[in-house]
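The values are calculated or read from the model by the stated rules, or taken from the named source; none is laboratory data. Computed from a predicted model, the values in this text were never measured in an experiment. Backbone-built Cβ (ideal geometry, glycine too); neighbour counts: all protein chains shown.
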C-alpha cells in the first residue's frame, strides 16, 4: 500500500494528513500556525507534522508530500513568492527545503487549486471532466478542472475566480481592483455591509446577537432566521451576488458541476433561493444543467486536496 501526505498551510492553522489512493484518512494532525516566527519557524512546524502523520508507516511507502499554500506562488518550482498573512514569506523555496529535509518528492500548489483538486478527485467532482470548486469565506477563491486537468494557465496562476469584476463602480478590493467578486460577496463583505447599515442607525437584532463585538456573517444569518428585516435584506443581496459570480463561471468554463465551500455556505439555506433565482434569470439555457451543490469533503477539503497534488 502506498500513501501520500498533505499539508494545508494557513495563516492561522496548519493541517496535515496521511491518505491512501482512495482518499481515506489514516492520520490527521493540526496546530496553530506560528505565523510571526518566519519561514524557518513555520517550516519546522510542517516538518514536525509530517513526522507525526507518517509515524505509523514506513517512509518508503510514502509517494510524496503535497503542500497547499496561500499567496502568489510558482507551482512549477515550488517557490512561495509572497504570503501576506505569513511574516517574512517572500521568495521561499518551500519545495526544495522540504525535499532536503524529508528526502521525499514535494509538490506545492495554490491552496484553492489544491482544494479544487481534492474535491474533484475524492468529493462531489468525482467522475466529472469539467468541475469548479469555490470557497466563500473571509475571501473568495477557487480552482478549475478542465477536461480532466487542473487549469493552471501562464505562470500557474489561473483560476483566481474571486477577482472577477462584478461591480464596475464597487468598492476597492485588497488586490487593488474595483468591484471584485471577493470584495462584494465574501463573508468579510457581508459583515462590512451590516456594520455600515448599523452605523447609519438601522434597527436590527444583529447588534444584540453580536453582543457589542465585531459583526460576523453568522450573526447576520442568525438574525435573518429570526425575521430581522435588515439581516434578510443583506442575505438576499449576498445570495444574488454569489449567483452573479456563478453565472460568470458557468459561461466561462461550462462546468458539469460546481462545489461550494467556506464559512458563508453554512447559511446556504438562506442564500440558495436568491442565488438560484439569479442563475435562472441570467445564465444562458445550455449552461443551466450544471449541478451546483455544497462540497462533500467539508473543512478537510484543503488538506486532502494538498495530498491530491501528489496523485
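Computed quantities for the displayed model
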{"quantity": "Given (1) surrounded by fewer than 22 Cβ atoms within 10 Å (Cβ to Cβ); (2) modelled with pLDDT under 95; (3) under 15 Å from residue 6 (Cβ atoms), number of the condition residue 160 does not satisfy", "calculated": "(3)"}
{"quantity": "Single match in 259, 254 (criterion: buried (at least 17 other Cβ atoms within 10 Å of the Cβ) and either farther than 22 Å from residue 143 by Cβ or at pLDDT 95 or above (or both))", "calculated": "259"}
{"quantity": "Residue among 86, 81 that alone is outside the structural domain of residue 262 (by TED's automatic domain parsing), part of a loop (DSSP other than H, G, I, E, B) and at pLDDT below 95", "calculated": "86"}
{"quantity": "Test for residue 214: is it free of Cβ contacts under 8 Å to residues at least 40 places away in the same chain, in the same structural domain as residue 130 (by TED's automatic domain parsing), under 29 Å from residue 172 (Cβ atoms) and exposed (fewer than 15 other Cβ atoms within 10 Å of the Cβ)", "calculated": "yes"}
{"quantity": "Flag if residue 213 is under 15 Å from residue 267 (Cα atoms) and in a loop (DSSP other than H, G, I, E, B)", "calculated": "no"}
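Yes/no matrix, rows are residues, columns are (1) assigned to a loop (DSSP other than H, G, I, E, B); (2) closer than 19 Å to residue 43 by Cα:
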| residue | (1), (2) |
| --- | --- |
| 66 | no, yes |
| 96 | no, yes |
| 100 | no, yes |
| 116 | no, no |
| 124 | yes, no |
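Conditions (1) closer than 25 Å to residue 298 by Cα; (2) surrounded by fewer than 22 Cβ atoms within 10 Å (Cβ to Cβ); (3) at pLDDT below 95, marked per residue:
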site	(1), (2), (3)
137	yes, yes, yes
141	yes, no, yes
156	no, yes, yes
172	no, yes, no
180	no, no, no
194	no, no, no
